[in-house]
Amino acid sequence: MKQYILFLALCINPDFSSAEETQNPLQPRIVGGRNATQNEFPFVVALLLDRDFTCSGSIINQYKVLTAAHCINDTTYDQWLVRAGFYYWHATNVIERYVGNMKMHRRYETKGDPTYDIGIMDVTESFEFNAAIHPVVLPRFHRRIKPGTKAVAIGWGLSQFKPTREYPLILQALEVVTIGTRRCRTMWKELNKTICAVGKSDSENGCIGDSGGPMMVGNVQWGMIFRSTANCTGGGPIKFLEISRFTKWIRRFSKIPRQNN
């Protein structure tokens, strides 16, 4: 979409059924991540724009999905479909919901490095919660996370950017560690309302399609993926929107009760 947005799916239709992936569905994903297990992250969803996979997101209540504003910017709600309740792309028990409305933060801007890159989708039919579909837990407003905290970034984005683009058959999780602003500013100048984290090696990072996916510490979503390095590798920090800065905004438009976390 915009030149500064590095995760958006660039209007391509991923081929999840290539012969190579069918023969070896357990190859590493995200970029350098691991395969999620069944029902490990029941709140993660895949977002399809005109039936093409575009971004990731998380369920926050029976009717609401949290994602990045740049994913839904310049689109209309009737273009979107939410897929939930699965961790294997070709699963037969996938739950699909149409979107009836969308809202972006009013201060979101497409110029530069957006600070308020957050949006909410309303599905037209409620999610029925079970072991495979469940809402994520949000942090308390303005509660902070310390550098050195171990976390997990989750998404359906590209597992390989070069030499060819590859999408995963299985939901991917990447173990990361949060870092301080001084180290993060070696790559990113704008760090307002963000959390930075790195993988264990230069081959681990987020990539196109991971936008909107959650960063978890335990069962709490502390961050939301929205920026990575240009080629999805290189060991540079991943930028996450700091969800605790937006919990009041999320609850206002989602009617989520307060949680003790």
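The values are calculated or read from the model by the stated rules, or taken from the named source; none is laboratory data. A quick note: this is a predicted structure, and the numbers were derived from the prediction, not measured. Backbone-built Cβ (ideal geometry, glycine too); neighbour counts: all protein chains shown. Remember, those area values only see protein heavy atoms, side chains included, never the ligands or the DNA or RNA. Shrake-Rupley method; radii C 1.70, N 1.55, O 1.52, S 1.80 Å.
Would a scan of region 92-107 turn up a residue that is aromatic (Phe, Trp, Tyr) and either out of contact with any Pro (no Cβ under 9 Å at 6 or more places or on another chain) or in a strand (DSSP E or B) (or both)?
Scanning region 92-107, I find at least one residue that is aromatic (Phe, Trp, Tyr) and either out of contact with any Pro (no Cβ under 9 Å at 6 or more places or on another chain) or in a strand (DSSP E or B) (or both), so the answer is yes.
If the requirement is being surrounded by 22 or more Cβ atoms within 10 Å (Cβ to Cβ), touching a strand residue (DSSP E or B) at 6+ places or on another chain (Cβ under 9 Å) and modelled with pLDDT of 95 or more, which of these qualifies: Ala46, Ala9?
It is Ala46.
Take the conditions at pLDDT 90 or above and either closer than 26 Å to Val65 by Cβ or under 19 Å from the mean Cα position of the chain (by Cα) (or both) and apply them to Ala151. Does it pass?
Against the criterion (at pLDDT 90 or above and either closer than 26 Å to Val65 by Cβ or under 19 Å from the mean Cα position of the chain (by Cα) (or both)), Ala151 qualifies.
Among (1) within 19 Å of Lys200 (Cβ to Cβ); (2) open to solvent by less than 30 Å² (accessible area, probe 1.4 Å); (3) of a type outside the set (Val, Ile, Thr); (4) part of a loop (DSSP other than H, G, I, E, B), there is one condition Ala151 misses while meeting the rest; what is its number?
(4)
Return the residue satisfying two criteria in turn: it lies in region 80-108 and is more than 20 Å from Ala131 (Cβ to Cβ) and hydrophobic (A, V, I, L, M, F, W, C), and of such residues it is surrounded by the most Cβ atoms within 10 Å (Cβ to Cβ). Spell out how you get there, then give the answer.
Taking region 80-108 as the starting set, the residues that turn out to be more than 20 Å from Ala131 (Cβ to Cβ) are 80-81, 98-108.
When the remaining residues are screened for being hydrophobic (A, V, I, L, M, F, W, C), the result is 80-81, 99, 102, 104.
On the way: Trp80: 25, Leu81: 18, Val99: 20, Met102: 21, Met104: 18.
Among those that are more than 20 Å from Ala131 (Cβ to Cβ) and hydrophobic (A, V, I, L, M, F, W, C), it is Trp80.
Across region 206-245, what is the number of residues that are at pLDDT 85 or above and of a type in the set (Lys, Arg)?
2
Show the residue pairs meeting these rules: Cβ distance below 6 Å; 6+ apart or different chains; first residue within region 104-123 and closer than 7 Å to Ala69 by Cβ; second residue of a type in the set (Val, Ile, Thr) and assigned to a loop (DSSP other than H, G, I, E, B).
From residues that are closer than 7 Å to Ala69 by Cβ, the pairs are His105/Ile118.
Restricting to region 123-144, give me the number of residues that are touching a helix residue (DSSP H, G or I) at 6+ places or on another chain (Cβ under 8 Å) and open to solvent by 30 Å² or more (accessible area, probe 1.4 Å).
5
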